[in-house]
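Single-structure report; data block below.
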Amino acid sequence: MRFLGAIEAKTDAKGRAFLPAAFRKILQSAGEERMMLRKDVFQQCLVIYPESVWNEQLDALQARLNRWNKAHRELFRQFVAEVEPIVLDGNGRFLISKRLQLMAGIRQDIKFIGMDDTIEIWSNDDSRMPLMAADDFGRELEKVMAGGDNPAPAPTE
């Protein structure tokens with residue numbers, strides 16, 4: 001399952017949003033009906049996890065945690081307590097709860113961003129756009145693809 005691209009949308013007065021058709025098709029072809037929605041751990045956005053991806057993430061987290069470690073239990077509790085199951089209605093809409101809208105600063109204009117096996121939902125407020133400037137993007141991609149944080153050396157003749 002690969003979600004790619006950025007799609008602008010709006011929520012209605014009740015906080016419902018249409019999941020973009022391109023993303024719905026990917027979910028349908030994978031046989032995914034249920035999804036999980038939670039605030040991102042690092043950014044002020046929401047993340048939609050198809051149920052199978054959510055379960056993989058949960059299993060990976062549990063494998064690293066010790067059930068008898070208090071801090072680990074608190075971490076796990078917070079991670080799962082903030083998730084909300086979502087199911088699309090017959091029109092392809094789902095509800096973003098008021099609690100999650102507040103956590104992500106979402107009003108009406110939103111942007112869906114495909115992030116491989118998950119989908120992010122951002123407020124479409126220009127002051128918080130999640131994308132880098134083109135020059136910064138090029139530099140960072142060069143660093144990563146060159147094998148580290150150091151820029152690739154210039155070619156010698």
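The values are calculated or read from the model by the stated rules, or taken from the named source; none is laboratory data. In this text, all values refer to a predicted model and were calculated from it rather than measured experimentally. When we count neighbours, we look across all protein chains shown, and the Cβ atoms used for this are built from the backbone with ideal geometry, even at glycine. Areas reflect the complete protein model, heavy atoms only, side chains present, ligands, DNA and RNA absent. Shrake-Rupley method; radii C 1.70, N 1.55, O 1.52, S 1.80 Å.
Expressed as a rounded percentage, what relative contact order does the range 1-122 have, with Cα pairs under 8 Å and six or more residues apart?
Reported as a whole number, the value is 45 percent.
Are there any chymotrypsin sites (Phe, Trp or Tyr not before Pro) in the range 66-118 that are in a DSSP loop and have at most 16 other Cβ atoms within 10 Å? List them by number. Walk me through the intermediate numbers first.
On the way: sites: TRP68, PHE76, PHE79, PHE94, PHE112; in loops: TRP68.
Qualifying residues, ordered by number: TRP68.
Starting from the 7 Å offset along Cα-to-Cβ, what nm value, one decimal, do you get for the label separation of VAL144 and GLU51?
3.1
Applying a 10 Å radius around every beta-carbon, put 45-55, 130-140 in order of their mean neighbour count, most first.
The packing order, highest mean first, is 45-55, 130-140.
Loop only by DSSP, 10 or fewer other Cβ within 10 Å of the Cβ. Give me the chymotrypsin sites (Phe, Trp or Tyr not before Pro) in the range 1-44 that pass, ordered by residue number.
Loop-located and lightly packed - PHE42.
Once label points are set 7 Å from the Cα along Cα→Cβ at both LYS10 and LEU65, what is their separation, rounded to one decimal in nm?
Result for the modelled spin labels: 4.0 nm.
Taking only Cα atoms and a 10 Å spring cutoff, compute GNM fluctuations for the chain and point out the largest among MET35, MET145, MET115.
Residue with maximal mean-square fluctuation among MET35, MET145, MET115: MET145.
Springs between alpha-carbon pairs under 10 angstrom, Gaussian network model over the chain: which of LEU37, LEU75, LEU100 fluctuates most?
Of LEU37, LEU75, LEU100, the Gaussian network model singles out LEU75 as fluctuating most.
Per residue, how much accessible area does the range 1-135 show when a 1.4 Å probe rolls over the protein heavy atoms, in square angstrom?
61
Go ahead and run the numbers for FRET between ARG24 and GLU84, Cβ-Cβ distance against an R0 of 25 Å, rounding to 0.05. Could you put the intermediate results ahead of the total?
Values: r = 19 Å, r/R0 = 0.75.
So the FRET efficiency works out to roughly 0.85.
Which loop trypsin sites (Lys or Arg not before Pro) in the range 24-114, with loop taken from DSSP, have no more than 15 other Cβ atoms within 10 angstrom of their Cβ?
ARG67, ARG107
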